[in-house]
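Before any comments, here is the structure.
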Amino acid sequence: MDARIQPQSSICSDSNWEEPAGNDVAPLKSNRRICLVGGLTTDTALRTVAESFRVPVVTSKDGEDCAQDDSFSTVFILESFEGDVFNCLYKQKQSLMGPLALQQLANKNEPLPDNTRPLFNLAMTGVVVCFTGFRNKSDLATLVPLIHHMGGSIRKNISQKVTHLIANICNGEKYRYAAVFRVPVMNQDWVYASWKKRHDINFSATVDAFVAEFKLKPFHGAKVCFVGFAEDEKKHMTDILLSNGGTVTSLEDPQCSHVVVDESSVAERPETTSPKVFLVKAEWFWTSVQKEICLDEKDYLYDDYVEQTFSPTRRESHQATPSSASRRKRKRLHEAVLSLTHQQSPGLHKRRSSVSDAGLLSVSGSFLDCTASPDKALTDGTEPSIDTPRKGLTARQQVFLELVQTESNYVDILHTIMTMFKKHLEEMPEEEALLNNTELNLIFGKVPAIYETHMKMRDELRCFASTWSEDHTIGSIIVKYSKDLLKAYPPYINYFEEMKEVLTKCDQNKPRFHAFLKACQTKPECGRQSLQELMIRPVQRLGSICLLLANLLKHTPKSNPDHAELQRALDGLKEGMDLINEDKRKAEAQVALFNMFNDIDNCPPDIVCSHRKFIAKAEVIQVSTTEGLSSKGNSLVLFLFSDLVEVCKKKSKTFNNAKSPTGSVNSLQRPKLYKHVKLLPLNTIKKVIDIKETEQCQKVFCFVCRNNDELKERVYSFAMPDEDADKAGFLKTLTKQMANNACTPDADKFLAYLESHQLDIDTSDMNKGTLNKAFKFASRTKLKVGRAFSFNKTPSKLKRAVSSMMSPFGSSTDYLHTT
């Protein structure tokens, strides 16, 4: 049966349809009975269900005989809600039900209903629907009976009783009401899809997952034009628009409904051919995507358009005249000139702000820690802002004002992170939450301590600015808060990369969170910078303070009492930053070690140790047949640590998908890349044997090992299958670590050079058989192996110096600079 069944009653063509009065309840009769009609007369299971209602159960071919009997109030059970039998009984206003509705009522232990409308099932029980945007009579004539057949009801006006709004447009008073009071706005396909599942006894149309699937897209029916955006951003926004029910059009299209404008690049109101088009900011677009509802355009109108369209004396024409455009252009030019001459703070502009304006916010024009957020006075109105002409100020005072301004701007950035992002995300209702508590803590958990310390420091610096004296000891303020600074920053900087990775993944995998970030980026407080760009500011701030203090020290005479304080503050910050950098390197090494532990199947847990460091990695093939390690010809990986060698075997199932153990913080979810074979503490390796190169024996070396409880030594022989592998460099690094463990400066005594026959190393099958195949396999697949652990960095035919002594995890560049 077609889901779009024929209407059984006349339906008003207006969308403001409501069920007629007096058709809700049938006249009550004392005698009730159930009549099974047509093919249901032989359904014994259904008859048993009918008898559970403790009323007489009769059968009829077409129900006509029972319909003519006025002595009973009969409930007719029909297999289908279409055809002659159904239509005939419906016109007689008989009580009609489907077998599924009867079964569901019996399961719920509920009595037979008195409603004269046909009831096929209870899938929409409790649903109260209101329509908006429908002007086609046939659409409503089909939808209304289906809702009734599934137990739902309809209201003309939207109110608190309405549970769902079925809309055909993303506009109008009913739509706005639903947006404010969080009434689900549904596509009409929700009704048709529910009717298709009418034979499923366990189906409910109000299940959250099913409702979410058929919610009306936020840009349903909208024809949108994007103006002023870069091509890549325009393409991205176009993809988002299409996935949210809208279509892309041009300014020349008379059907264009919205023009989304990039305020940072569009100076004049775009001319359109449609008089009813909305000119809106990009914030409207992204916030609508985030909230999954088309927001009221009047709250996000392009500013020139606000003045034109919604002023008390609205102009008849929406197109700007040449004179009005010229006046606006002259006004903007005048404001720009005032800004450049420091006669007006750029932060006071109503117009959009951009990164290029940021340089105007500092005394010297430096971009250091500046932001496009509105400037705040240095004091409570008693001290002129830094935009005041600097004539008459000493060089020391000018540098100090720059310190105060950059500190104020930095605190504004932290305030934006704390309020616009952190607080807003934390206070979202659970049903609207964009991030879970774990993600929120990983991204923002380390910011509050930094924010609180800098707020206190900024306030004291502003106090000095309001009562300026050359004898003020500015350095004492920095010294006062240096301990708090050096306590707050390490947790943030040490795990900055992990925080950035979590933020990036959430941005990529959560469309609503991505839309939230894009919407925030359009606001003046962010200066058109992304959250990731704002979050990097704390990493840079201590180095910036050092630069300003050094400049201030240069303009402070030695006779000034602040000279010694400034030097003390500068030395303390530099020393603290060195410690932070060292802590970061240690933290990176620990994270990398933990990730490696999760990449090795059956890895001994004690490999994760605070004093242990990863040094290098070598991919080898076992040459010897010595017991206790692996079989001859197997591909192995040697992970060299500061005090041991972890021997692993590659897992073939994940070999081609190998990733660096230094990758994601979610390494616990990755497949195991290696299988543990043996741990070789460096103190058990007595000698490292470098086998001299010959045509028949290349890149072979041995470990001579002995355990304390064994008298006999064991020899493990390996060969490097990679032609570009630096065997000499790896062995030199290995012996150096052995010397460090033995507390001796002589690393050469651990290395010996021998011929292959001296250790009875069988190299006869190096060019044939199993070993030859292993070499060829390793050679073919070497480029597929992740190189973050690799001892050899870039393949080259020239042998290179050992570079793996430095940590291979992440950048070795310091995060804090003082130069």
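Taken as a whole, the range 58-79 holds at least one residue that is under 23 Å from residue 201 (Cβ atoms), among the polar types (S, T, N, Q) and out of contact with any Phe, Trp or Tyr (no Cβ under 9 Å at 6 or more places or on another chain). Taking residues in the range 32-47 that are within 13 Å of residue 67 (Cα to Cα), and partners anywhere that are among the hydroxyl-bearing types (Ser, Thr, Tyr), the pairs with Cβ atoms closer than 6 Å and at least 6 places apart or on different chains are 32/73; 33/74; 35/60; 35/74; 36/59; 37/60.
Results for (1) in the same structural domain as residue 502 (by TED's automatic domain parsing); (2) crowded, with 16+ Cβ neighbours inside 10 Å; (3) in contact (Cβ under 8 Å) with a residue 60 or more places away in the chain; (4) of a type in the set (A, V, I, L, M), shown as yes or no for each residue.
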site: 434; (1), (2), (3), (4): yes, yes, yes, yes
site: 437; (1), (2), (3), (4): yes, no, no, no
site: 441; (1), (2), (3), (4): yes, no, no, no
site: 448; (1), (2), (3), (4): yes, no, no, no
site: 456; (1), (2), (3), (4): yes, no, no, no
site: 459; (1), (2), (3), (4): yes, no, no, no
site: 464; (1), (2), (3), (4): yes, yes, yes, no
site: 467; (1), (2), (3), (4): yes, no, no, no
site: 474; (1), (2), (3), (4): yes, yes, yes, yes
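Scanning the range 193-205 finds no residues that are in a loop (DSSP other than H, G, I, E, B), among the aromatic types (Phe, Trp, Tyr) and buried (at least 19 other Cβ atoms within 10 Å of the Cβ). Tell me yes or no: at least one residue of the range 99-111 is more than 18 Å from residue 33 (Cα to Cα), in a helix (DSSP H, G or I) and in contact with a Lys or Arg (Cβ under 8 Å, 6 or more places away or on another chain). No: zero hits. For the range 69-89, the count of residues that are assigned to a helix (DSSP H, G or I), closer than 16 Å to residue 114 by Cα and modelled with pLDDT of 90 or more is nonzero. Among the residues that make up the range 476-485, is at least one of them in contact with a Phe, Trp or Tyr (Cβ under 6 Å, 6 or more places away or on another chain), modelled with pLDDT under 95 and under 22 Å from residue 569 (Cα atoms)? Looking through the range 476-485, none of the residues is in contact with a Phe, Trp or Tyr (Cβ under 6 Å, 6 or more places away or on another chain), modelled with pLDDT under 95 and under 22 Å from residue 569 (Cα atoms). Selection of first residues in the range 208-222 that are closer than 23 Å to residue 287 by Cβ and without any contact (Cβ under 8 Å) to a residue 60 or more places away in the chain and of second residues that are among the small types (Gly, Ala, Ser) and buried (at least 19 other Cβ atoms within 10 Å of the Cβ), restricted to Cβ pairs under 7 Å at least 6 apart or on distinct chains, gives the following pairs, ordered by first then second residue: 216/167.
Screening residue 160 with (1) closer than 23 Å to residue 292 by Cβ; (2) touching a helix residue (DSSP H, G or I) at 6+ places or on another chain (Cβ under 9 Å); (3) assigned to a loop (DSSP other than H, G, I, E, B) gives one miss only, at (2).
The values are calculated or read from the model by the stated rules, or taken from the named source; none is laboratory data. Because the structure is a prediction, the values reported are computed rather than measured. Because the Cβ atoms are built from the backbone with ideal geometry, glycine has one as well, and the counts that use them run over all protein chains shown.
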